[in-house]
Structure formats: structure tokens, C-alpha cells
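S.K.: The structure under discussion is supplied below as C-alpha cells; questions concerning it will follow.
The values are calculated or read from the model by the stated rules, or taken from the named source; none is laboratory data. Just so you know, these numbers come straight off a predicted model, no measurement behind them. Reconstructed Cβ throughout: ideal geometry from the backbone, glycine too, with neighbour counts over all protein chains shown.
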Amino acid sequence: MLDFFTIFSKGGIVLWCFQGTGVTESFTGPVNALIRSVILQERSGNNSYSHDALSLKYKLDNEFELVFVVGFQKILTLTYVDKFIDDVQLHFRDRYKNELEQKGALALLNSHFAFEDDFKMLLREAEESSKARGPTSMRSFNASLKSQKTVKSMIETKGGDKGKEQGGKKNKNAKKEGKEKAAEGRTAHNNLLKWSDWNGIRHIEITYLMYLILFPSTPAAEPVKGEKAKAPTSAQKTEENGNQGLTQEEIIQKKREEFIRKRMGAPVEKPSKSPKPVKEKPKGKEKRVWTLGGSSTKELDYSQSNGNGAHAAGDQGLDAQADPGDLLAVDYDVLFKMFLSPKKGAFGGMFGMLKGLVGSKSLSQEDMEPVLDKMRDHLIAKNVAAEIASQLCDSVAKKLEGKVMGTFTTVASTVKGALQDSLVQILQPKRRVDILRDVLEARSQRRPFVITFCGVNGVGKSTNLAKISFWLIENGFTVLIAACDTFRAGAVEQLRTHQRRLNSLHPPQDHGGRPIVQLYEKGYGKDAAGIAMEAIAYARNQAFDVVLVDTAGRMQDNTPLMTALAKLIAVNMPDLVLFVGEALVGNEAVDQLVKFNQALADHSMSDKPRLIDGIVLTKFDTIDDKVGAAISMTYITGQPIVFVGTGQTYNDLRSLNARAVVGALMKA
Amino acid sequence: MEDNRDVEAGENPFQPYLDALRKELEHQDPIFIIGIIISLAVVVISFVLLKYFLSSKTVQSAVLLVGLCDSGKTLLFSRLLSGKFKKTQTSITDSSAPYKAKNEKGSSWTLIDLPGHDSLRPQYVEKFKSAARAIVFVVDSAIFQKEVRDVAEFLYFLLTDSAVSRNVPYLIVACNKQDITMAKSAKLIQQQLEKEMNTLRVTRSAALGTQDGSAGSSVYLGKKGKDFEFSQLPMKVEFLECSARGSKGENGQADIGSLEKSLANL
């Protein structure tokens, strides 16, 4: 059932691999895609990934620096895979402990890992354990409930309650069977589906379905508890349903019987329960149980007679010795709070601190938990979006789980180091970022290099467009600015002012009589995509080097505007689509980028849609060291930050220095 | 006498203390004094040794295998060390192992294989660049034409790095994947890289400064005014061809003879 299974070291050498029968494609491609998109982009929080038709699950072994990857077809839902990977990992580690423990890659290169038999055995075990409960076979018609119902019972009669009409004795058996079957795990839903053949009762089944959706647990999950409660009500219900077919005296007779029965308090022997009591007796309010809440209020008594309740449970023994009125020495207190875990005893706490420093111990989830929580809060305080911060911390936890720490390293320092590395890795561009080189390339191909700026309102698109054009003309390129913001009042005039200023800084006399910056505008109210197309054609005719397209700001929720932007980009195919985002934005950044990318992907006709290629981070001078927006934006899109805007003059344009940003982020 | 009194007056502030100290020392066992002196000496020596050992990390004893992603570094690493063919995936961390050179001296140094993925490259190069005595820059000759700008940028980044230009390690550009028919020759790759580096000199120096004000490296490659050539660099650069996979596929030998010879000449 599995397509492949590989075990390789983090250095890239494949130690052992298995390819399922009949699988011909090599798995190198999908596994590389997994590594590049998940592990290297710090998304290893959830451990599955899908690539084309394959679904990949993986597990990192951080102690011996191994990665275990299993791949199977996406349409199969195999339930045993997670546990299977864990078993294989443990087995492999135990068996090859000696080779794996040696430092250096020579051992891995020279040893041959003959893991076939073990693997086959483990796979067989896993497959058998998942086959324990085979699919239940369908019942034949005679064994089903339907054959025992009378036609009359399924005819809907008009009446106040639109209920299922279960009249007759046949239903008693039917319902009992239904209850048992439900208890075995099959839901009453299956019963319903067989009745759908009957045209006359479609009405009933719709209401039954609605009931099931609204109260899904009632028929199957609580057969025992609900029985007693339901019995009188369903009996009552059935009664009402059944009453409509009887005459007046019979109705009176039945009511009398019921009255007597109720008086007797005898158990109901007419379990004609319809599985759908629409008016179910409300169960009454159940008392809410809080998991962390104690059972008595005695623990909340912090008065002196109870000792100093503020300390952890572990050092209650020590507290009993200390005089409750005395203040403990400050550093003693601090030491306890820092290093004592509730499990260890009082004296073990002191040595536990030393034990934590010296010697090698492997990191576990509980060790890292408090440090990671602190780091998460720290990141959020530095303006990283909340979900990004938690995903990052999960990814770092996965990367460090089981890793053996060296001597004299604390958990906190290891986690901080790992987090710092991942942050630097996220901010490093995944492709080459060199605009000038690309413009030269486009010039040699005799076409203009088109850059489009998009973003929400007021982030600084026009200002940064002017800064970038200044930088380009400083390097001797001719620039055409396309004013595709046809909505905002004064947008065209703003660009014209910038054009005039730039031309005065670099007068046309220096460049052969031709103005180095020109503005292509068609006034207000026109279609932006059309203006852009004309501008690019004009640039090609006049041999401009760069075209900068300025678009109107738009909120990410505004669907018609997003469609218009997507159309502009899809039609004109710019070389670079830059998303302009301000550094002040917090959690909004995630929403903006996701929705912009979504819109660009949805409205493009081709199967390789143009998405956001780079990010311009503006207003960077307004934040001191709360630089978290940079992380949020690069994490969400995976694209690099191409420019950083640090002010409002033409010189305030920078590129990103990943180390400096991460340093500012991790600074306390 | 007056001189003496003057001298004594001058020394007076410290004299009583010195006298007291001298008396104390004389009272003590001489061995005790010697003990103190020896312990002081030990502390000083251990400081010196510690400093020496910490700084000895920069002793150049490593050969780095660098290059773009998928250029064949890990396979080359495996072939050089054990001669075997191993399937490889994208490396996430570095791998290092001691390597015995095939020369008469039998010198051995460490061979380090760095990951080539763009987001990991800078930090690993940063970590190992000062320990590099030679750098083997692996190039995928088959798809070189498409990647020429990326290759040139990485090479430029390496050459202009301050630590590298200070230590001047031996640079070998290994044009890998020669077993593929479309592979370019080493000479062609050298010419293309020289042209590209020429352009990069201009664009890189015109690049924007970083937001915290730190400027990029100010190393200018080659000679100003003249086209860039690898011979103008202060370090020795060698271009050679090799094939980690080998012409016979997985079971055959790798075609890395020239590479091994160059490594032996280190």
C-alpha cells in the first residue's frame, strides 16, 4: 500500500529506501519538495505534506540527525501510518545504534543498512492491526428493517407534528433492533438511507436527517442513558402518531391505560421509540466540570495557618520546616522557582539544577514547553503575528525533540539558538534577488522590465515607487511610470510631481536630451489593466528600461477590486509583482497576504498563476525593534523582502539585513 | 641625612605597607610563597593556552564543498570518501569527515559538505569560511546556461567575503555532471563566469545598503578598468571537469580523477 519509504541523514545521504511494488517513479523529487517546502520553511508543525498525487508523512530524529519519510497515494486513507513511522524509527535506532552514534559521515557512508526484513515485518504488523475491524457487510433485504415495516406506517398524514409515524407492533421490533445495531457502531443514519427508495417518505427522511444533524449523538451514543428518558417521551410521541389512526373511544382507552401505567410507575413495555423525538425532554443543565478546578475551597485558603500556599506542591515538605512567618532568602527562592520541577523532591531540586547544566541529556517536549511559551510571548510582543509565532515555535520544538545537549548548555540557550537559526533561515531569500542584474538582462533582450506595486490603502506604494525610480535612474536606467491608480484623487498629480523632481535631479541634458523619467497617465476613471498594457507597449516602442506600475490601494476583502488587480497582473504578466506592506501592521499582515495571493491565484486563467514575487516593507523607521512584521510576511508567502523603506526622502531605501533584524527581534 | 629623610618622606605613604608585607612574607614558610607563585603561573599559562585553543579553530584544515542546490556535492562527498554511489536528498545540515589525500605524504584533512539550498547557504558559509583552506565550488554543467546568474552570484559572494579574501584559500571550480551529453566544458563555463562577474561587479556595488547602515563588503574583484578574469584574483583558481555519477551509472566508478589529483596537490 505504501509507495515508498526512505531513511536519510540530514546531511543528505540516503541510508535505506524501499519502493513499493509496481512503483516506477523515483521518489527523490517528492522528497526534495517536502524538504524544501516544509522543513526548510519551518512549517514542520504538522507532519504531513501532499505533492501531486502523493501524500507524504515524515518524522525527524534529532538525536542521530535522521529523517524518515513515507509516501502513499493521496486517495488512500491509511490509518496506521503515524504509528508505523514511530515503530520503524525506534526499531532502526535500536538496531543501528553503534553506527549512528559515531560522529562524522564516514560511518554512514561505509555501513550497509540491511533493514528489509525488519521493515517488512513491521509493515505486516501495522497492516494487520489496521485490518482488525473489517468493513461490515450490507444486510440483505429480508434482514433489514424496511421489510418489516408496513406501508401504512410510512405514509405521512397531515398533522401538527411532522414526525415519523411508527405505528404498529412491527416497530417495536424494528426499534429494538435499531438500538442494538446502533450500539454496535452503526448509526441510525444507515437505516434511513434504505428508506430513501420510498418516494412517499422523502419528507420524513429530510426531517430525520435534520434531526440527526442537530442532535447527532442522541440515537447512537447514548443508547443506555437516553433510553429511560426517551421511553416515556417516545412512547408519548408514538402515541400521538398512532392516535390519528384510531377512533375516539380507542383514544380514550389508550389514554386511560397510560394514566394507569404512569401511576404504577412500571417500566415501559412498549418501547416503540421513534429514533427521532423532536421534542426531546431537555436534560436539564449539567454542572460544568473544570479540568483544573479543585474540588474543595480549602486549597484557596492562603492564611498563615495553612502555610505558604504560594509555593509549588513539591516543596511543601520544606515549607513545613520553615517558619511560615520568615521570609525566605531571595536567591534561594529564585533558585527554587527556576530549577525546581514539581516532581523532584526538595533536595533533589538543588542538584537537579546542576544536573541540568552538566552532562548530556536529551530534550523532551516538557523541557522545552516553558521556554517555548516564553519565546512565543516574546515574539508576539515584538509584533510577529500570533499564529505565525505559534507555528514557528511548534516547528522549532519538532526540530529539537530528542536532541542531545552538550555540556554546560541550558535548555533555554539551545532553544533560543535554534529559534534564531530558524528566523535567519526564514528571512534569507530563497532565490537570487538582484533587480539591477535582471533589468540588464531585460535590456539585452530589448524589452522593458515591468514592476507592479500592489497593497492595501495607505502603505506607501507611490512614495516607495518614487524612491525606487530614483535608485534606478541613479544607476543609469530610463524609467516609465504608469499611473494605474485611476481612483484616488490626486494620485496622478502626485506621480507627476515626483516625475518633475526626479527630472530636475537628473536633467535630460545629461542623458542625450531625453527625460530620464516619464509618466504615462490617462486621467481618472479608466480601466487600470488597459492603461498598464498601453504603457508597456509604449515603453517597448520607446526603449525604456523599466516600467513601474502604480495601482490603487485596496482592501483584501473587496472582491471586485481584487478581481480587477488580478486581471491587471494576469493580462500584463509583469516581471516582478511587489506587495507593499507597512512594518506597523500586526496580525493583519497574514490576512492581507493570504487574501492577495488567493485572489491572484483564483482569477488567473493559466495553470501557473503569477503570485506575489517580493515584498516591500515600508515605514521601517517608525518601529524601533518591533520588527516582527518582516517575519510574518516572509513566512506566509515564502518570498523575500526586496526593499525596505526607511523614510520619506528619495534616499531612504534599503535592502534587508537578515541578521540585524533577527538580532533586534531576539533582543530582550 | 636630609636626603635620606626626603627619600623616606617620599616613600612614607607606602613604606609602612611594604614593610608590613615584607615582614608577613618573611614570617611565612618560603614553600608557601613558592606555592602561591606557582599557582599564579599556572593560572596565567592556562589563560594563554585557552586563548590559543579557542583561536585555533581558525586554523585552516578543512576543504569545503560548496555550490548551488542539486549540483552534486553530497554525491561527490560520498565518492571522494568511500568511492561508493549513494542516493542523496537535499541536505539540511553539513556533513564532515576526515579525508586522506592520495599523495605521497598521505596528508589528511577534513572534507566538509555544505548544504546548497539558498536559505541555508549563507549561514553555513559564515560558519565554516574561516576554517577553509581550499574551496571546491561544484557547478552543474548540464543546466549551467539557465543558472549562470545564480552561480555567478554565489561565486561573487564567496570571493568578496572578507574572511575568504584574507585567507586566500585555493579555489577549485569542479564542473560536475559531465556524464550528461549536454554538459558544458570547463573552458566555456570559465568564460561565461568571467563575463557574468564583470557585470556583477557593477550591479553589486550599486546595490542598496542595508537598513542598519552596515555596508556590504568593499572588496573589488580583479583590476579596475579591465575585464574581469580569474587570473587577476589573489588566490589560485582552477577549473576542472568531473562526474560524480560516472559514465557507467550507479555501479561504475566516478570520474573524479582530476579532482583527486588537485586535492592531492594541496
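S.K.: Would you confirm whether or not the range B:122-134 contains a residue that is touching a Leu at 6+ places or on another chain (Cβ under 7 Å), within 11 Å of chain A (Cβ to nearest Cβ) and assigned to a helix (DSSP H, G or I)?
M.R.: Yes, that holds for at least one residue.
S.K.: Scan the strands (runs of 3 or more DSSP E) fully inside the range A:550-662 and keep the ones with 3 or more residues being under 25 Å from the mean Cα position of the chain (by Cα).
M.R.: A:576-582, A:614-618
S.K.: Looking at the range A:15-37, which of its residues are of a type in the set (A, V, I, L, M) and touching a helix residue (DSSP H, G or I) at 6+ places or on another chain (Cβ under 9 Å)?
M.R.: A:Leu15, the sole residue that qualifies.
S.K.: Among the residues of the range A:1-32 satisfying the criterion of being out of contact with any Ser or Thr (no Cβ under 9 Å at 6 or more places or on another chain) and among the aliphatic types (A, V, I, L, M), which is farthest from the other protein chains (Cβ to nearest Cβ)?
M.R.: The selected residue is A:Met1.
S.K.: Can you work out which of the residues in the range A:652-668 that are more than 10 Å from chain B (Cβ to nearest Cβ) and surrounded by fewer than 20 Cβ atoms within 10 Å (Cβ to Cβ) is farthest from A:Gln425 (Cα to Cα)?
M.R.: A:Ala668
S.K.: Then there is this: Out of the range B:98-119, which residues are farther than 17 Å from B:Ile135 by Cβ and either within 10 Å of another protein chain (Cβ to nearest Cβ) or in a helix (DSSP H, G or I) (or both)?
M.R.: Residues satisfying the conditions are B:Pro98, B:His117, B:Asp118, B:Ser119.
S.K.: How about the range B:162-214: which of its residues are of a type outside the set (S, T, N, Q), within 12 Å of chain A (Cβ to nearest Cβ) and surrounded by 21 or more Cβ atoms within 10 Å (Cβ to Cβ)?
M.R.: Of everything in the range B:162-214, those that are of a type outside the set (S, T, N, Q), within 12 Å of chain A (Cβ to nearest Cβ) and surrounded by 21 or more Cβ atoms within 10 Å (Cβ to Cβ) turn out to be B:Met197, B:Leu200.
S.K.: Go through the range A:66-83 and give me each residue that's surrounded by fewer than 17 Cβ atoms within 10 Å (Cβ to Cβ) and outside any helix (DSSP H, G or I).
M.R.: Within the range A:66-83, A:Gln73, A:Lys74, A:Ile75, A:Leu76, A:Thr77, A:Thr79 meet the criteria.
S.K.: Filter the range A:409-448 down to the residues that are crowded, with 18+ Cβ neighbours inside 10 Å and more than 13 Å from every other protein chain (Cβ to nearest Cβ), then identify the one that is modelled with the highest pLDDT.
M.R.: Of everything passing the filter in the range A:409-448, A:Pro448 is modelled with the highest pLDDT.
S.K.: Only one residue in A:Ile380, A:Ile388 is touching a Phe, Trp or Tyr at 6+ places or on another chain (Cβ under 6 Å) and more than 14 Å from chain B (Cβ to nearest Cβ). Which one?
M.R.: The unique qualifying residue is A:Ile388.
S.K.: When you go through (1) in contact (Cβ under 8 Å) with a residue 24 or more places away in the chain; (2) in a loop (DSSP other than H, G, I, E, B); (3) surrounded by fewer than 19 Cβ atoms within 10 Å (Cβ to Cβ); (4) touching a strand residue (DSSP E or B) at 6+ places or on another chain (Cβ under 9 Å) one by one for A:Gln41, which number turns out not to apply?
M.R.: Tallying (1) in contact (Cβ under 8 Å) with a residue 24 or more places away in the chain; (2) in a loop (DSSP other than H, G, I, E, B); (3) surrounded by fewer than 19 Cβ atoms within 10 Å (Cβ to Cβ); (4) touching a strand residue (DSSP E or B) at 6+ places or on another chain (Cβ under 9 Å), A:Gln41 fails exactly one: (4).
S.K.: To continue, here is another question. Taking the condition of being within 27 Å of A:Val627 (Cα to Cα) and in a loop (DSSP other than H, G, I, E, B), how many residues in the range A:362-409 meet it?
M.R.: Going through the range A:362-409 one residue at a time, the tally reaches 4.
S.K.: Follow-up question, since we're still on this one. Identify the residue in the range B:80-97 that is touching a Leu at 6+ places or on another chain (Cβ under 9 Å) and more than 7 Å from every other protein chain (Cβ to nearest Cβ) and, among all such residues, is surrounded by the most Cβ atoms within 10 Å (Cβ to Cβ).
M.R.: Only one residue tops the list, namely B:Leu80.
S.K.: Of the residues A:Arg488, A:Arg437, A:Arg443, which is assigned to a helix (DSSP H, G or I), of a type in the set (D, E, K, R) and touching a residue at least 12 places away in the same chain (Cβ under 8 Å)?
M.R.: Going through A:Arg488, A:Arg437, A:Arg443 in turn, the sole match is A:Arg443.
S.K.: Any residue at all in the range B:142-161 that is of a type in the set (Asp, Glu), crowded, with 17+ Cβ neighbours inside 10 Å, outside any loop (DSSP other than H, G, I, E, B) and more than 10 Å from every other protein chain (Cβ to nearest Cβ)?
M.R.: no
S.K.: Would you mind stating whether A:Asn464 is within 39 Å of the chain's Cα centre (by Cα), surrounded by fewer than 16 Cβ atoms within 10 Å (Cβ to Cβ), under 25 Å from A:Val571 (Cβ atoms) and touching a residue at least 60 places away in the same chain (Cβ under 8 Å)?
M.R.: no
S.K.: Taking A:Gly460 as the residue in question, decide whether it is in contact with an Asp or Glu (Cβ under 7 Å, 6 or more places away or on another chain), under 30 Å from A:Arg488 (Cα atoms) and more than 14 Å from chain B (Cβ to nearest Cβ).
M.R.: Yes.
S.K.: Follow-up. Filtering the range A:47-62 down to residues that are of a type outside the set (A, V, I, L, M, F, W, C) and in a loop (DSSP other than H, G, I, E, B), which residue is modelled with the highest pLDDT?
M.R.: A:Asn62
S.K.: Which of the residues that make up the range A:491-526 are farther than 23 Å from A:Phe449 by Cβ, of a type in the set (D, E, K, R) and part of a loop (DSSP other than H, G, I, E, B)?
M.R.: Within the range A:491-526, just A:Lys526 meets the criteria.
S.K.: Inspect all residues belonging to the range A:97-106 and state whether any of them is under 25 Å from A:Phe64 (Cα atoms), surrounded by 14 or more Cβ atoms within 10 Å (Cβ to Cβ) and modelled with pLDDT of 80 or more.
M.R.: Checking the range A:97-106: not a single residue is under 25 Å from A:Phe64 (Cα atoms), surrounded by 14 or more Cβ atoms within 10 Å (Cβ to Cβ) and modelled with pLDDT of 80 or more.
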